[in-house]
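Quick notes on the structure that follows.
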Amino acid sequence: MSDTTTNRLPEALAEPLTRVRRGWMSLLFFANIAMWLGIYAPIQVLLPQQAELLDAANKETVFGVVTGVGAAVALVANPLVGLLSDRTVSRFGRRHPWTVLGAVLGAAGLLVLAEAPNVVVMTIGWCLVQAGLNGMLGATLICGVADRVPVGQRAQVGGLIGIAQMLGTVLGAVVVVVMLDVAGLPLGYAVCAVIVLGGAGAFVFRTPDARLPLEFRSSMRFRRFLKDLWVSPRKHPDFAWAWGCHFMINLGNAFGTLFLLFFLKDSVHYPDPEDGLLIMMGLYGVALVIGAVLAGHFSDKSGRRKPYVLASSAVMAIAALLLVVWQTWPAALIASPLLGIGFGVYMAVALAMLTQVLPVAQNRAKDLGVVNIAGSLPQVVAPLLTTLILKFLGGYPALFGAAALATVLAGVLVTRVKAVR
């Protein structure tokens, strides 16, 4: 069926034309905050602390292995849940059932982590979190933009999602640091689980989800199912170039932030690294909000996306290079807002750009799940590469140099996208 015949398509497949209202955007915003808090609060604080408690001598290796295995699970969950939701014909809609399932599974994983007695159980718990929350991300929180938001409003909504990701990270760090002071790791994980369920529940029960008529469902045959997981770079080159750009930006961001707590502790020698991390994330967050709001507004107004991606990659590279040559607390305070404003600009326009190069409407969630692999795959390779870089290639200067190189390459790749201004 041709995507050009949108007047004959059901609501679930038609290109959205009606601007979404603030109420819908607010619920999407808070659901994203909850989901990102469930991912980043453990990554930033809880998992490093737990790795140190379980094996202090090999904390970096434990943390790298746990996050790497969990991210590998996310690689599978994103497109698989997306493909299943594209084919769901439930009377409750095709996205919301998977959002609920993902939130429940993610919360269960957080509770497993709360009581993990060893590295094996810790890994299992984190895999459950990644499977559930990445399924939730692919099925609803990203696909909702392509399903319901018109092209001329997508950078604005993309900016909100970028801000939500930042706030989830910052609020998660604040919440768990407070919980660690009060009652330790278990309560920190439990609070994250409650927030995840609350954000998902509010979005599901207070927003519509269009039903997919059975006659429009794609084939459920196993061979066709597997075939549809693949997006051909030859047939869809713009999608491939945009995917590559998204991957490199996220790889650079992972290099720059994944071991930040250990960087403050072991390289900067900041006396209270947890509080230092909160300060850095606060600066990062304020700058990200400014970058996302401004870029979202002006990108939608002009219809242009690529100049903003190029600017963001340059600013993020400068932030990383600063830490290559100057590994001190003042340098960290300068680099944090630079990285924030760069990533905020990128997040505002990235989702708008990526949704404009999706191949077909019938596979929106699956294709966005493939896009989300570009965000999850760096979590697989970055911990392993970071460990090698820190041990064999020059420590933290080399790590931040790799971050700068990755973001510069992202800017090169986006110039190859032809369908987006």
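The values are calculated or read from the model by the stated rules, or taken from the named source; none is laboratory data. This structure is a prediction, so every number in the text was calculated from the model and none was measured. Cβ sites come from the backbone with ideal geometry, for glycine too, and all protein chains shown count toward neighbours. Keep in mind that these areas ignore ligands, DNA and RNA; they rest on the heavy atoms of the full protein, side chains included. Shrake-Rupley method; radii C 1.70, N 1.55, O 1.52, S 1.80 Å.
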Residue satisfying all of: in region 278-324; open to solvent by less than 50 Å² (accessible area, probe 1.4 Å) and not in a helix (DSSP H, G or I); modelled with the lowest pLDDT among these:
G303
Name the one entry in Q165, Q156 that is in a helix (DSSP H, G or I), at pLDDT 85 or above and within 22 Å of D367 (Cα to Cα).
Q156
Of all the residues that make up region 113-144, how many are farther than 18 Å from A41 by Cα, open to solvent by 30 Å² or more (accessible area, probe 1.4 Å) and not hydrophobic (A, V, I, L, M, F, W, C)?
2
Determine whether region 334-349 contains at least one residue that is touching a residue at least 24 places away in the same chain (Cβ under 8 Å) and open to solvent by 50 Å² or more (accessible area, probe 1.4 Å).
yes
For region 189-209, check the following and say yes or no: at least one residue is open to solvent by less than 10 Å² (accessible area, probe 1.4 Å) and polar (S, T, N, Q).
no
Could you go through region 366-388 and let me know if any residue there is open to solvent by 50 Å² or more (accessible area, probe 1.4 Å), of a type outside the set (V, I, T), touching a residue at least 60 places away in the same chain (Cβ under 8 Å) and part of a helix (DSSP H, G or I).
yes
Matching residues in region 28-52 - criterion: being touching a Phe, Trp or Tyr at 6+ places or on another chain (Cβ under 6 Å) and closer than 18 Å to G135 by Cα:
A31
Residue under question is G125, and the condition is that it be in a helix (DSSP H, G or I) and in contact (Cβ under 8 Å) with a residue 24 or more places away in the chain; does it hold?
no
Taking R416 as meeting all but one of (1) open to solvent by less than 10 Å² (accessible area, probe 1.4 Å); (2) outside any helix (DSSP H, G or I), write down the number of the exception.
(1)
Residue by residue through region 273-289, note down the ones that are touching a Leu at 6+ places or on another chain (Cβ under 9 Å) and more than 10 Å from P337 (Cα to Cα).
P273, E274, G276, L277, I279, V289
Cβ-Cβ distance below 6 Å, separation of 6 or more or different chains: which pairs start in region 169-188 with a residue that is on the phi < 0 side of the Ramachandran plot and end on one that is small (G, A, S) and surrounded by 14 or more Cβ atoms within 10 Å (Cβ to Cβ)?
V170/G285; G172/A41; V176/A41; V176/G188; M179/G188; L180/G188; P186/A114
Among (1) under 17 Å from the mean Cα position of the chain (by Cα); (2) touching a residue at least 60 places away in the same chain (Cβ under 8 Å), there is one condition L111 misses while meeting the rest; what is its number?
(1)
